[in-house]
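Below is one structure, written out as structure tokens, with a few remarks after it.
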Amino acid sequence: MIKLKDLLLENDDIFIPRRMEDRDERMIKNYVKNGSKGDLRLNKVGLTKLPDILKDITVGGTFSCSDNNLTSLTGAPKTVGGNFGCYNNKLTSLAGAPSSVGENFNCNSNNLTSLEGAPSSVGGNFGCTDNPVRFTEEQVRAVCDVKGKVYV
């Protein structure tokens, strides 16, 4: 009789336990091993900083690190082909954000006092509502080429 435990130990691509110390890093390595296609979501996992392994990758789909305790985007992927979400964190600036985002960029509900480090281009909408500083559309467009709407 084959036991579930034996199956899971046989192929580590199938199962990554939630409480494992290097869970996020293993998930990212599997994502890269599979060609960096699709979405990579690190939402609600208690991150206080982004894993170093991210800084050298390109995400083909959506990347989200929302609903954590991030104070910095240092180490974020270089480019993101889909959406980039970093809302509901404790960011004070966007330093470390990807240089380009193919679709929407959402940094709502942070502690932003500066747009420093914002992507140079966003293919969709740019959202930065609910921050201590109420940015203007002109301020956003001065630092980022936004193809869609700007939500301030």
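Here are the numbers:
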item	result
Set Lys37/Lys90; Lys49/Lys149; Lys78/Lys149 screened for pairs whose C-alpha atoms are more than 25 Å apart	Lys37/Lys90; Lys49/Lys149
Table column - 3J(HN,Hα) (Hz), the range 140-152, Karplus curve with 6.51, -1.76, 1.60, x for Gly and Pro	5, 5, 6, 9, 8, 7, 9, 7, x, 8, 10, 10, 10
Matching label, Cα extents along the principal axes in Å computed from the structure shown, candidates [x] 80, 27, 26; [y] 65, 26, 21; [z] 53, 31, 30	[y]
Phi to ³J(HN,Hα) by Karplus 6.51 cos²θ - 1.76 cosθ + 1.60 over the range 34-50, Hz, x for Gly, Pro	8, x, 6, 9, x, 9, 10, 10, 10, 7, 6, 10, x, 5, 9, 8, 6
³J(HN,Hα) computed for each position of the range 104-116 - Karplus, 6.51 cos²θ - 1.76 cosθ + 1.60, integer Hz, glycine/proline x	8, 10, 10, 10, 4, 6, 10, 10, 5, 10, 8, 9, 4
Fewest-first sequence of Tyr31, Tyr151 by Cβ atoms within 10 Å of each Cβ	Tyr151, Tyr31
Mean ellipticity per residue at 222 nm, deg cm²/dmol - from DSSP H runs of n ≥ 4 across the chain, formula -39500 (n - 2.57)	-4500 deg cm²/dmol
Spacing of the two label points (7 Å from each Cα toward its C-beta) at Arg26 and Lys90, in nm	2.8
Under DSSP loop assignment and at most 13 Cβ neighbours within 10 Å, longest GluC sites (Glu not before Pro)-free interval of the chain	22-115
Relative contact order for the chain, counting Cα pairs under 8 Å that sit 6 or more residues apart, in percent	14
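Read-outs: derived from the displayed coordinates by stated rules, not from any lab. All values reported here derive from a predicted model rather than from experimental measurement. Cβ coordinates were reconstructed from backbone atoms using ideal geometry, including for glycine residues, and neighbour counts include every protein chain displayed.
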